[in-house]
Every structure is written in C-alpha cells, then in structure tokens.
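What follows is one structure encoded as structure tokens, with my remarks underneath.
The values are calculated or read from the model by the stated rules, or taken from the named source; none is laboratory data. Keep in mind the model is a prediction, meaning the values are calculated, not measured. Counting neighbours? That spans all protein chains shown, and the Cβs are built from the backbone with ideal geometry, glycine included. Just the protein is used for accessible areas: all its heavy atoms, side chains included, with ligands, DNA and RNA removed. Shrake-Rupley method; radii C 1.70, N 1.55, O 1.52, S 1.80 Å.
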Amino acid sequence: MPHPAPAVRPELPALTRLGYGAANLGNLFREISDEQAWAILDAAWESGIRYYDTAPHYGLGLSERRLGAFLRTKPRDEYVVSTKAGRLLRPNPDDDGGLDLAADFHVRTSLRREWDFSAEGIRASLHESLERLGLDRVDVLYLHDPERHDLALALREGFPALEQLRAEGAVDAIGIGAMTAEALAAAVKGADLDLIMIAGRYTLLEQPAADEVLPACHARGTGVVAASVFNSGLLAKDEPSRDDRYEYGRMPEPLWERLQRLVAVCRAHDVPLPAAAVQFALRDPAVRSVVVGGSRPEQLRRNAELMALDLPAGLWDDLAADGLIR
C-alpha cells in the first residue's frame, strides 16, 4: 500500500530532486585543488543542481569556504544551501603539521573539532559558518551527528536552540543529519523539525529508516533528504566487487548476497544499478531531495543523467516482490 502524502510545510525551501553533498570539497579521502573544486561545482550547477549541503566538519571548514566562494557568483535566490552545527572549529594546540586523516580529510590539523550543543555554541557555529561561506544566510541548519556525542543533550538543548534561530528568522528550516535510524526517529518525535537528512539508512540496499523514521515524518509533515544513497560507493557501479568498502570495513556476507539480488533484478530490466539507487528514495513522498557527493565533474554529470532516466515500474514491482524494497 503506498504511503499517504505527508503534510507539507509551505515555508520549506524548494529543493531540487538532486543535490550536491560537498564533503569532497573538504578533501575527503584525497586532496583536490581549488580549481578542481570549482570545476566540480560548475558541473553540478550546469547539471541543474540547486541544493548544496556542507558542514564545518568537512575538511575543518575547507568545504564551506570553497562552496561559499562559488555560490557568491550565483544569484542568491536561485539556490538552497544547508550547513550543520554541533562541532565548533577551534585552534589546535596539538597541531604537529600532520593531516586530519583520522576523519578521512586531507587537510592540516591546525584546527580541531569541539562538540557543543548549547544555544551559545550553535549560534556561534552558524555565525562562523556564515563567515567561512561569505554569505549573509543559509536556508537550512542541521544538528550534525548528535548520536556520536550526546543525543539526550541534543534533544534537551540543541534542537530548542535551532528552533529559536528559526523563530528569529536566522534560518528558514532546521533539522538533523544523522546515520542511525534511532537518532533520527527520536529527533523527529522529540523536536519541531522541518527536514531530516538520512545518511545511508534509506537506500536501495538497506532501509532501516522505513520502520519508524519515515512514518514519523509522514505524521508530522517533516521533509526528508536522502544522503549516502550509494552506500559508500557500492551502488555507484553496475557490477560491485566483493572487496568494495562498506561503511568503514568489509561488507557482511548477508549484505553481499542482497546486493547480488539487486544487481540481478536491475540487469533483468536493463536498468543501471546506480540509476535505481539514486532514484529509489524519491519514491517515498516525504523525500524532497537526494544528495550525492562527487570528487570529479564527470561524476556529477553522470548522477544527473541517472536521475533523469525513465525507469520502468516493473523494476520496483520486482524488487518489492523479491523482498528487496518495501
């Protein structure tokens, strides 16, 4: 049975079906130059992407600086930008000239991250993000990864602080960006959020967010942004390899078997696996946008092409019949 259409909050920013997640601009996994970062953003813009997501966490502020430099060349009313709060960037007294490889970013550790979910900390985070971006406002502010620090504190202090910023008109929409269904469900039920960013928990490969998170969003009219829909790149190519990385390690055997069944159904319908992956989440009416990364211009162009493909209804029917999607 299809989901009923959720209540729509008329004040929400208009998100494009495909958005760009700018972690790669912060030198995620490998260093890229300012010129390469600009070329990636150029490709995203030319492909019709008008929603851009970043965070202080990404490259210790480098992603925000690079994204802001690009967006300042575009009309402000033609794009939506989101950033995140919860980690403040502060001078690192232990900087030894090394790189931030513990967080997978190839940037100097001249700064360090400090968790802060207080009203003062979140207000400071927004102010400092605006300075790095060089913009006078962001459209959406998410609380970032509260499950990695203190979810109870986030519910008690962090989300009320976001609600106050929205009430003051400092941001148009507020939400959470998280990787666990438990944190997302608790946030939707415990705070007045406009949007949530589900990272990796509502994908073609695995859908734990379908149990509690999406029903709560339907009930409360909370919009959803689906991120990490390729599951660490597993779904980004037609023929995944058994040795491909999943999250931060080797893929569990049951998940590999499930992936092989997905590949077989897509092949039977002559559908590229990445096309099914990038379009899957949008079948739920609560999902407003799918945010993908990319460290090369051709990846952004390819993702836009995949999003535009007309996929047969029989594909989804067969995936559901095989118990691979709801």
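Please say if segment 176-255 is rounded, prolate or oblate, where rounded means a/c under 1.5 for a ≥ b ≥ c the square roots of the C-alpha gyration tensor eigenvalues, and otherwise the choice is prolate for a/b larger than b/c and oblate otherwise?
The shape class here is prolate.
A Förster distance of 30 Å, applied to the separation of the beta-carbon atoms of HIS106 and GLU78, puts the FRET efficiency at 0.45. On the basis of the beta-carbon distance and an R0 of 51 Å, ARG301 and ASP192 show a calculated FRET efficiency of 0.85.
Probing with 1.4 Å while keeping every protein chain in the model, the per residue accessible area of segment 42-187 equals 39 Å². Just the protein heavy atoms count here, and of the accessible area of segment 113-190 at 1.4 Å, carbon and sulfur take up 48 percent. Take the Cα of LEU309, step 7 Å toward its Cβ, do the same at ARG283, and the gap between the two points is 1.5 nm. Of all lysines in the structure, those lying under 28 Å Cα to Cα from LYS84, and not within fewer than 8 positions of it along the same chain, are LYS74, LYS189.
Compared with the dominant principal axis of the Cα atoms in the chain, helix 34-46 is inclined by about 50°.
One decimal place: the segment ALA39-ALA320 gains 97.3 nm when fully extended, by the rule 0.36 nm per residue minus the C-alpha distance.
Can you tell me how much longer the chain between GLU253 and GLU212 gets when fully stretched, taken as 0.36 nm per residue apart minus their C-alpha distance, in nm with one decimal? Spell out each step's value before the answer.
Numbers: separation 41, 0.36 × 41 = 14.76 nm, distance 2.57 nm.
Full extension from GLU253 to GLU212 adds 12.2 nm.
In this label model, ARG245 and ASP270 are separated by 3.6 nm, measuring between points 7 Å along each Cα→Cβ vector.
A cut-off of 5 Å between modelled amide H atoms, ignoring neighbours fewer than 5 places along the same chain, links LEU309 with no other residue. Axis of helix 62-71 versus longest Cα principal axis of the chain: the two differ by about 80°, to the nearest ten degrees. Dividing the convex hull volume of the alpha-carbon atoms in the chain by its residue count gives 131 Å³ per residue.
Surface composition of segment 198-271: carbon and sulfur make up 49 percent of the accessible area, probe 1.4 Å.
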